[in-house]
Amino acid sequence: MKIAIYIYNGITMLDAIGPYEVLRNIRGAEVFFVAEKKREIKADSNFVHLVAKYDFDDVSSADILIIPGSTITFIREMKNKKLLNWIKRVDKTTKWTISVCSGSLILASTGLLRGLKATSHWKPINLLKEYGAIPTRERMVVEGKYITAAGVSAGIDMALYLSDKIVGEKETKAIQLIIEYDPKPIYNSGNYSNASEEVVKMAEVKLAMEAKKEIGFLDFLQSGKTILKIK
């Protein structure tokens with residue numbers, strides 16, 4: 001089972017590492033962290049780094065392709081023709097092509113989600129419409145071999161769902177136990193529909209602050225688009 005996870009500067013680390021921790025425990029799994037070029041990859045926090053040992057030339061096929069999201073640099077990735085062509089090339093070989101958070105916008109920009117329902121992080125989800133996808137505020141959306149997960153932590157739920165499809169209930173339960181995934185959050189504010197207006201506004205401020213740290217954010221502002229506005 002060959003699993004390719006695309007990584008890039010500005011990535012939200014849990015988008016990649018959450019599914020990785022689940023899927024790497026599937027028997028026979030081989031995981032490849034792939035970047036456009038072999039190099040050190042910096043997370044959106046600037047605190048954590050990954051090393052991509054594989055590039056687009058090394059990985060041209062996969063059973064599972066994972067596209068993680070980011071705070072704001074997914075915009076840059078959506079315009080990267082080399083990346084979009086690589087995704088479409090690998091997608092021809094996959095059994096599952098999946099995304100986490102704003103990674104669905106990268107995936108949508110290839111045209112592969114056109115006419116399909118898809119989810120994303122609650123902040124930029126409406127942008128999916130610009131690429132022919134149908135925005136759906138659900139934690140996970142399955143459309144054939146395409147699976148999109150909402151923001152960050154939803155990638156773990158998606159990976160467990162995928163594990164169940166691949167190796168069945170018993171092994172997936174064992175994997176869930178291995179990572180001791182038994183969430184019991186102290187507040188019921190992890191879903192956009194449950195959060196108060198005050199909490200949403202505070203989250204928006206924090207997201208905007210993070211976005212301003214990202215490379216290329218000023219160029220994005222000058223483009224005149226309003227990616228961070230919820231309609």
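The values are calculated or read from the model by the stated rules, or taken from the named source; none is laboratory data. None of the values given here were measured: they were computed from a predicted structure. So basically every Cβ, Gly included, is an ideal-geometry build from the backbone, and we count neighbours across all protein chains shown.
For region 5-38, a tally of residues being surrounded by 15 or more Cβ atoms within 10 Å (Cβ to Cβ) and in a strand (DSSP E or B) returns 7. Just to be sure before I move on: is Val90 aliphatic (A, V, I, L, M) and surrounded by fewer than 18 Cβ atoms within 10 Å (Cβ to Cβ) in the structure I sent? Considered against the rule, which asks whether it is aliphatic (A, V, I, L, M) and surrounded by fewer than 18 Cβ atoms within 10 Å (Cβ to Cβ), Val90 comes out as no. Filtering Phe56, Phe74 for residues that are farther than 22 Å from Glu171 by Cβ, buried (at least 22 other Cβ atoms within 10 Å of the Cβ) and hydrophobic (A, V, I, L, M, F, W, C) leaves a single hit, Phe74. Looking for something at pLDDT 95 or above, surrounded by fewer than 20 Cβ atoms within 10 Å (Cβ to Cβ), of a type in the set (Gly, Ala, Ser) and under 17 Å from Trp96 (Cβ atoms) - is there at least one such residue anywhere in region 159-171? Yes, region 159-171 contains a residue that is at pLDDT 95 or above, surrounded by fewer than 20 Cβ atoms within 10 Å (Cβ to Cβ), of a type in the set (Gly, Ala, Ser) and under 17 Å from Trp96 (Cβ atoms). Screening Gly151, Gly115 for residues that are surrounded by fewer than 19 Cβ atoms within 10 Å (Cβ to Cβ) and in a loop (DSSP other than H, G, I, E, B) leaves exactly one candidate, Gly115. For region 119-148, name all the residues that are in a strand (DSSP E or B) and either closer than 24 Å to Ile17 by Cβ or not acidic (Asp, Glu) (or both). Correct list: Ile134, Pro135, Met140, Val141, Val142, Tyr146, Ile147, Thr148. Name every residue in region 140-158 that is touching a residue at least 40 places away in the same chain (Cβ under 8 Å) and within 15 Å of the chain's Cα centre (by Cα), in order of residue number. Across region 140-158, the qualifying residues are Tyr146, Ile147, Thr148, Ala149, Ala150, Gly151, Val152, Ser153, Ala154, Gly155, Ile156, Met158.
For region 51-76, taking the residues that are under 18 Å from Ser102 (Cβ atoms) and of a type in the set (A, V, I, L, M), the one that is modelled with the lowest pLDDT is identified as Ile72. Only a single item in (1) at pLDDT below 95; (2) closer than 19 Å to Asp157 by Cα; (3) more than 20 Å from the chain's Cα centre (by Cα) is not met by Ile175, and it is number (1).
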